[in-house]
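Engineer: Sending over a structure as structure tokens; questions will come in a sec.
Please treat every number below as a calculation from the coordinates, not as lab data. Since we're looking at a predicted model, the values are computed, not measured. Glycine also receives a Cβ, built like all others from the backbone with ideal geometry; neighbour counts cover every protein chain displayed.
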Amino acid sequence: MKIAVLGAGAMGSLFGGLLAETGNDVTLVDVRNETVEAINASGLRLEGKSGETRTVPVRATTNPADIGRVDLVIVFVKSYDTEVAIHSAEPTIKGNTLVLTLQNGWGNAARIAGLTYHSATVLGPGRIQHAGRGSTVVGELIGQTGNRLGQVVDVLNAAGFETTPTANIVQEIWSKLAMNVCTLPTSALLKTFAGQLLDHQGALDLMRAILRETVAVANAQGMALSEEERWEAITGLLKRSSGAKPSMLQDVEKRRRTEIDVINGAVVADGKRLGIPTPYNDAMVWLIRSLEETFHEA
């Protein structure tokens with residue numbers, strides 16, 4: 001399958017690299033010349049949690065027009081760059097091109113949406129660490145599951161991503177959102193790895209309160225999320241991801257804008273629309289935005 005991956009950060013490079021390694025015609029698209037040049041010159045270096053490394057030959061470009069039409073576009077840019085990235089990628093999209101977003105948060109969806117519980121960290125230009133493994137779920141927003149979706153599932157499974165289709169992708173996205181709203185801003189503010197959140201009762205109490213609000217907002221929209229089930233899933237994933245560095249913490253360390261608006265901000269927005277108070281999610285948005293403001297100070 002001919003594939004364009006928009007965004008050669010940690011997750012884009014992980015998916016692009018493994019898809020290329022299994023025989024797909026993959027091109028990574030990124031705005032950073034340093035990253036593109038490193039990948040084209042030396043390949044993409046993938047490092048496992050235990051330190052094993054391998055290099056995958058894969059193409060990269062800053063100009064999607066160089067690629068031509070593709071079968072699948074996978075979107076991994078930051079949420080606030082989605083519109084610009086999709087517009088720039090128009091030369092790669094034909095009538096039957098599939099567009100898959102595996103971005104964090106709620107509000108990025110194009111024709112096809114999905115989510116993944118894999119995690120990765122950028123170690124340098126063209127070099128990433130596959131920090132955590134998990135499942136991937138994909139589905140069409142209109143609720144159909146057919147040959148188009150099956151092609152994506154087959155390609156991702158062949159590349160080593162345990163992928164299943166769903167006819168209810170919106171609920172699946174909110175299931176992951178319930179996890180992200182708890183863990184991402186908390187780890188970014190405390191500057192801790194994912195697993196370390198389990199070591200502090202204050203962090204656990206805060207995450208549980210954030211989760212309770214999120215489940216209430218989801219339930220009010222007809223999504224049958226369970227607070228207990230989600231809490232068990234969150235703590236279980238944190239135990240398995242002890243050395244993983246959450247994406248929002250990576251953003252904060254690099255003093256760049258986070259995706260708080262489509263994570264906790266999405267819960268706040270829907271809560272206001274539905275008349276459901278979300279004070280804990282509000283507080284996380286306020287704190288992360290205040291932290292972002294310090295990035296521009298001298």
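Engineer: How large is the translational diffusion coefficient of the chain in µm² per second when you combine the Kirkwood radius over alpha carbon pairs with Stokes-Einstein at 25 °C and 0.890 mPa s? Intermediate values should be presented prior to the final figure.
Structural biologist: Working: Rh = 19.5 Å.
D, rounded to a whole number, is 126 µm²/s.
Engineer: Restricting to lysine pairs 8 or more places apart or on different chains, what number in the chain have Cα atoms under 21 Å apart?
Structural biologist: Total qualifying Lys-Lys pairs in the chain comes to 15.
Engineer: Describe numerically, in nm with one decimal, the distance between label points set 7 Å from Cα along Cα→Cβ at R69 and at I276.
Structural biologist: Computed distance between label sites R69 and I276 equals 4.3 nm.
Engineer: Let me ask something else about it. For the chain, with a Gaussian network of springs between Cα atoms less than 10 Å apart, report the residue from M11, M223, M179 with the top mean-square fluctuation.
Structural biologist: Comparing M11, M223, M179 in a Gaussian network model of the chain, the most mobile one is M223.
Engineer: Now for a separate question. So what J values fall out for region 118-132 if you push phi through Karplus, 6.51 cos²θ - 1.76 cosθ + 1.60 with θ = phi - 60°, rounded to Hz, Gly and Pro as x?
Structural biologist: Calculated HN-Hα couplings, in order: 6, 9, 8, 10, 6, 9, x, x, x, 9, 9, 10, 7, 7, x Hz.
Engineer: Considering region 2-167, what Rg and Dmax in Å follow from its alpha-carbon atoms?
Structural biologist: 14.6, 43
Engineer: Taking amide hydrogens as modeled 1.01 Å from N in the peptide plane, which residues meet the under 5 Å criterion relative to A131, leaving out close sequence neighbours?
Structural biologist: Correct list: S119, A120, T121.
Engineer: Could you work out how far the C-alpha centroid of region 41-107 sits from that of region 242-290, in angstrom?
Structural biologist: 24 Å
Engineer: If I model a spin label at V84 and D154 as a point 7 Å from the Cα along the Cα→Cβ vector, what separation in nanometres do I get?
Structural biologist: Distance between the two pseudo-spin positions: 3.8 nm.
Engineer: What translational diffusion coefficient, to the nearest whole µm²/s, does region 170-294 have by Stokes-Einstein, given a Kirkwood radius computed over alpha-carbon pairs, a temperature of 4 °C and 1.567 mPa s viscosity?
Structural biologist: Numbers: Rh = 14.4 Å.
Reported coefficient: 90 µm²/s.
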